[in-house]
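Here is the structure we will look at.
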Amino acid sequence: MIKIEEHKQPQVGLATEGFLNPKKLYLPLSQHTGRPSLPCVNIADIVEEADLLAKEDGFISARLHSPKRGKILNITEGCHPSLKRAKCIILECQAQEKEYSYRKNVESLDKEELREIIKNSGIVGLGGAAFPTHVKLNPPKKINTLIINGCECEPYLACDYRLMIENLREIFKGIEIICKIIEPDEVIFALEDNKTEVVKKLNLLISTKRVNLPKTKSAILKTAYPQGAEKQLIYSVTRRKVPSGRLPFDVGCLVCNVATAFAVYEAVYLNKPLIERLVSFAGDAIATPKNIRVKIGTTLKELFDAGYLKFKHEPRKIICGGPMMGVALDGLDYPILKGTGGFLFLSKNLDIAEEDPCIKCARCVDSCPMNLLPLELARRIKKEEFAALDDFSIADCIECGCCNYVCPAKIPLVHYIKVGKKYTSRKD
């Protein structure tokens with residue numbers, strides 16, 4: 001792991017704002033790991049807020065719901081932050097807002113009923129991977145340890161921090177539901193030591209036993225990047241190593257992001273599907289960094305057109321996500337997806353300069369949280385020796401960007417590894 005400048009001020013201290021009445025929404029059918037969802041509406045249909053727009057297609061897939069009441073304008077290709085272009089449902093919104101009733105019988109629901117509610121609500125992991133939550137909460141092995149991830153180690157992003165400051169009780173209600181489903185022996189709430197206000201609130205809740213959970217404790221970790229990466233976090237709090245090619249449940253662990261736990265709370269207690277989320281907007285090119293709760297499918301362009309965001313400088317780089325693992329965008333026509341945690345607007349272009357020869361310093365090796373040999377992978381890929389990549393565990397790379405960050409020769413190691421992964425995935 002590495003220590004990098006956080007750049008979380010001032011957004012980390014700013015209360016959440018809301019932009020919940022967009023004029024138009026662009027809803028890609030691929031907002032999760034797995035197969036894209038299948039539309040179950042037609043052009044010109046009138047839909048209500050929370051209505052089902054697209055159903056899951058297979059085991060690893062997720063449902064998509066209408067974030068607002070409105071009219072289906074089209075089902076066609078549109079902008080997608082990571083895929084660039086993808087099929088999406090375009091919804092013309094009406095200002096009418098839906099009131100959600102509080103479910104009264106939560107305590108009487110069994111684990112299968114709770115898992116079905118989560119599935120029907122289209123919840124996916126909100127830490128970035130967007131893996132369907134109902135699948136994750138049905139592990140093939142016993143889960144001993146549930147780890148709640150509140151680290152948010154990416155620079156600039158502060159949406160998880162604000163959610164914990166403002167909605168910690170609701171997050172714990174979501175954790176209680178998750179515990180009822182997977183029945184862990186212990187719960188560990190993991191935070192970095194830079195989140196002092198959350199640590200105080202968290203320890204107060206745990207020490208006063210205001211939560212109905214199994215054995216629960218906090219783990220306050222050294223602030224470092226990528227502390228919040230799943231396998232790294234598991235090792236940091238339990239000292240269990242997830243073997244190469246294996247998954248967290250193989251060591252009895254399940255990791256859940258705080259925003260995902262909050263979404264579970266809303267689904268079960270409020271009958272509210274995943275139709276909105278908290279997003280950070282930061283960078284030196286905008287006048288005022290903000291944390292805004294927005295409807296899924298809202299475009300960056302509409303946020304600027306409505307005056308919620310304003311440019312202070314012309315942006316040279318727009319990034320969906322954080323600066324380490326985010327994706328560069330070519331404009332403002334991109335929608336917010338279920339897994340979108342933030343956008344950066346930077347006045348400087350961060351494109352890597354022409355690479356220099358490797359000086360064999362091994363900094364990329366020292367910094368790799370997965371204990372890989374990034375330069376060796378890049379060397380093999382340059383020589384098109386793709387058959388050898390599995391011998392160097394290329395699939396274990398989490399593309400965190402640590403090797404890029406520390407390389408004095410400015411070799412774009414992650415770029416080479418991404419190329420190599422594409423070729424290894426085609427070998428069969």
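Things worth noting here:
- Within the stretch 312-339, if we keep just the residues that are basic (Lys, Arg) and outside any strand (DSSP E or B), the residue that is nearest to the chain's Cα centre (by Cα) turns out to be Lys338.
- Boolean, Pro273 is under 18 Å from the mean Cα position of the chain (by Cα) and part of a loop (DSSP other than H, G, I, E, B): yes
- Pick from the stretch 109-147, criterion over 12 Å from Thr260 (Cβ atoms) and of a type in the set (S, T, N, Q), ranking: surrounded by the most Cβ atoms within 10 Å (Cβ to Cβ): Thr145
- Within the stretch 105-119, residues that are in contact (Cβ under 8 Å) with a residue 12 or more places away in the chain reach partners that are small (Gly, Ala, Ser) with beta carbons closer than 6 Å, at six or more positions or on different chains, in the pairs Ile117/Ala267; Ile118/Ala267.
- Looking at the stretch 371-428, the helices (runs of 4 or more DSSP H) lying wholly inside it that each contain 2 or more residues that are of a type in the set (Gly, Ala, Ser) sit at 413-425.
- When the stretch 38-90 is filtered for residues that are buried (at least 22 other Cβ atoms within 10 Å of the Cβ), free of Cβ contacts under 8 Å to residues at least 40 places away in the same chain and of a type in the set (Gly, Ala, Ser), only Ala54 remains.
Every residue, every condition in (1) in a strand (DSSP E or B); (2) within 22 Å of Ser30 (Cβ to Cβ), yes or no:
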position	(1), (2)
Pro67	no, yes
Gly78	yes, yes
Ser82	no, yes
Tyr100	no, no
Arg103	no, no
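- In the stretch 238-258, the count of residues that are hydroxyl-bearing (Ser, Thr, Tyr), at pLDDT below 95, over 28 Å from Arg69 (Cα atoms) and assigned to a helix (DSSP H, G or I) is zero.
- Any chance Ala190 is aliphatic (A, V, I, L, M) and touching a strand residue (DSSP E or B) at 6+ places or on another chain (Cβ under 6 Å): yes
- Residue in the stretch 139-148 that is at pLDDT below 95, more than 26 Å from Leu29 (Cα to Cα) and in contact with a Phe, Trp or Tyr (Cβ under 6 Å, 6 or more places away or on another chain) present: yes
- Among (1) in contact (Cβ under 8 Å) with a residue 60 or more places away in the chain; (2) part of a loop (DSSP other than H, G, I, E, B); (3) hydrophobic (A, V, I, L, M, F, W, C), the one test that Leu309 misses: (1)
- Residue identified as over 30 Å from Asp284 (Cβ atoms) and modelled with pLDDT of 90 or more among Cys402, Cys358: Cys358
- With respect to the conditions (1) touching an Asp or Glu at 6+ places or on another chain (Cβ under 8 Å); (2) buried (at least 17 other Cβ atoms within 10 Å of the Cβ), Leu413 lacks only one, and its number is (1).
- Residue in the stretch 228-237 that is modelled with pLDDT under 95 and part of a loop (DSSP other than H, G, I, E, B) present: yes
Conditions (1) of a type in the set (Val, Ile, Thr); (2) closer than 21 Å to Leu163 by Cα, marked per residue:
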{"position": "Lys8", "(1), (2)": "no, yes"}
{"position": "Val12", "(1), (2)": "yes, yes"}
{"position": "Pro28", "(1), (2)": "no, no"}
{"position": "Arg35", "(1), (2)": "no, no"}
{"position": "Leu38", "(1), (2)": "no, no"}
{"position": "Ile43", "(1), (2)": "yes, no"}
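- Matching residues in the stretch 170-201 - criterion: being part of a helix (DSSP H, G or I) and either touching a residue at least 40 places away in the same chain (Cβ under 8 Å) or not assigned by TED's automatic domain parsing to the domain that holds Ala229 (or both): Glu170, Ile171, Phe172, Lys173, Gly174, Ile175, Ile177, Ile178, Lys180, Ile181, Ile182, Val198
- Check on Gly150, within 13 Å of the chain's Cα centre (by Cα), under 23 Å from Ile398 (Cβ atoms) and surrounded by fewer than 24 Cβ atoms within 10 Å (Cβ to Cβ): no
- Only one of Ala263, Ala282 that is in contact (Cβ under 8 Å) with a residue 60 or more places away in the chain, closer than 20 Å to Arg63 by Cα, surrounded by 24 or more Cβ atoms within 10 Å (Cβ to Cβ) and not acidic (Asp, Glu): Ala263
- Residue that is nearest to Ile286 (Cα to Cα), among those in the stretch 130-177 that are among the small types (Gly, Ala, Ser) and in contact with a helix residue (DSSP H, G or I) (Cβ under 8 Å, 6 or more places away or on another chain): Ala158
The values are calculated or read from the model by the stated rules, or taken from the named source; none is laboratory data. Please read these numbers as outputs of a predicted model, since none were measured by experiment. All Cβ positions, even for glycine, are placed from backbone atoms using ideal geometry, and neighbour counts span all protein chains on display.
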